[in-house]
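Engineer: The structure that follows is given in the form of structure tokens.
The values are calculated or read from the model by the stated rules, or taken from the named source; none is laboratory data. Quick caveat: nothing in here was measured; it's all calculated off a predicted structure. Cβ placement follows ideal geometry from the backbone for every residue including glycine, while neighbour counts extend to all protein chains displayed.
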Amino acid sequence: MKQPHTQQPTHPVFTVGVAGSLVGVSPQTLRKWERHGLLSPVREGHQRRRLYSWRDIERAQQIRYLVIRKHIPLRDVKLQLRLASVRKAPAAMAHGDGRVGAPPLVPRLALAIPR
């Protein structure tokens with residue numbers, strides 16, 4: 001059974017303002033992270049609005065954690081995210097998360113860090 005688009009973790013539904021509120025940063029900060037190549041929201045419509053998915057929100061929360069809590073410079077954040085994904089890959093394969101038909105990702109707001 002196919003899920004509605006709003007529940008799929010990769011379907012872009014959040015504007016830059018809403019995404020910023022969910023992550024705990026300003027829309028300008030999200031745009032800056034995009035310029036640095038850390039985020040890549042979908043551009044839709046004739047106005048080319050930025051739309052963020054749940055996965056984008058989770059990635060932005062990870063970026064915020066690295067920048068604010070770990071004091072990692074933006075130029076090094078991309079490397080840190082890659083290292084984290086490489087460390088997670090073997091564990092995900094061992095648990096079968098990469099299989100077709102595996103349970104979908106559930107949006108998590110627990111990663112949000114209060115200001």
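Engineer: In the range 39-56, which residues are of a type in the set (D, E, K, R) and surrounded by fewer than 19 Cβ atoms within 10 Å (Cβ to Cβ)?
Structural biologist: We begin by selecting, within the range 39-56, every residue of a type in the set (D, E, K, R); these are 43-44, 48-50, 55-56.
Listed by number, the residues that qualify are 43, 44, 48, 49, 55.
Engineer: Same structure again: Here is a list: 59, 108, 69. Which entry is at pLDDT 55 or above and surrounded by 12 or more Cβ atoms within 10 Å (Cβ to Cβ)?
Structural biologist: Values: 108 fails: at pLDDT 55 or above; 69 fails: surrounded by 12 or more Cβ atoms within 10 Å (Cβ to Cβ).
When all the criteria are applied, what remains is 59.
Engineer: Hey, could you check the range 20-63 for residues that are part of a loop (DSSP other than H, G, I, E, B) and within 20 Å of residue 79 (Cβ to Cβ) and say which is nearest to the chain's Cα centre (by Cα)?
Structural biologist: Step by step, filter the range 20-63, then rank; the result is 39.
Engineer: Okay, moving on. Of everything in the range 73-87 that's closer than 21 Å to residue 29 by Cα and among the hydrophobic types (A, V, I, L, M, F, W, C), which residue is surrounded by the fewest Cβ atoms within 10 Å (Cβ to Cβ)?
Structural biologist: Narrowing the range 73-87 to residues closer than 21 Å to residue 29 by Cα: 73-82.
From what is left, the residues that are among the hydrophobic types (A, V, I, L, M, F, W, C) are 74, 77, 79, 81.
Working: 74: 15, 77: 21, 79: 10, 81: 16.
Result: 79.
Engineer: What are the residue pairs meeting all of these: first residue in the range 7-18, first residue more than 21 Å from residue 35 (Cα to Cα), second residue aromatic (Phe, Trp, Tyr) and at pLDDT 90 or above, Cβ atoms under 9 Å, and 6 or more apart or on different chains?
Structural biologist: Correct list of pairs: 7/54; 8/54; 9/54; 11/54.
Engineer: Which of the residues that make up the range 43-76 are touching a Phe, Trp or Tyr at 6+ places or on another chain (Cβ under 8 Å) and either of a type in the set (Gly, Ala, Ser) or free of Cβ contacts under 8 Å to residues at least 40 places away in the same chain (or both)?
Structural biologist: Hits for the range 43-76 are 51, 53, 60, 63.
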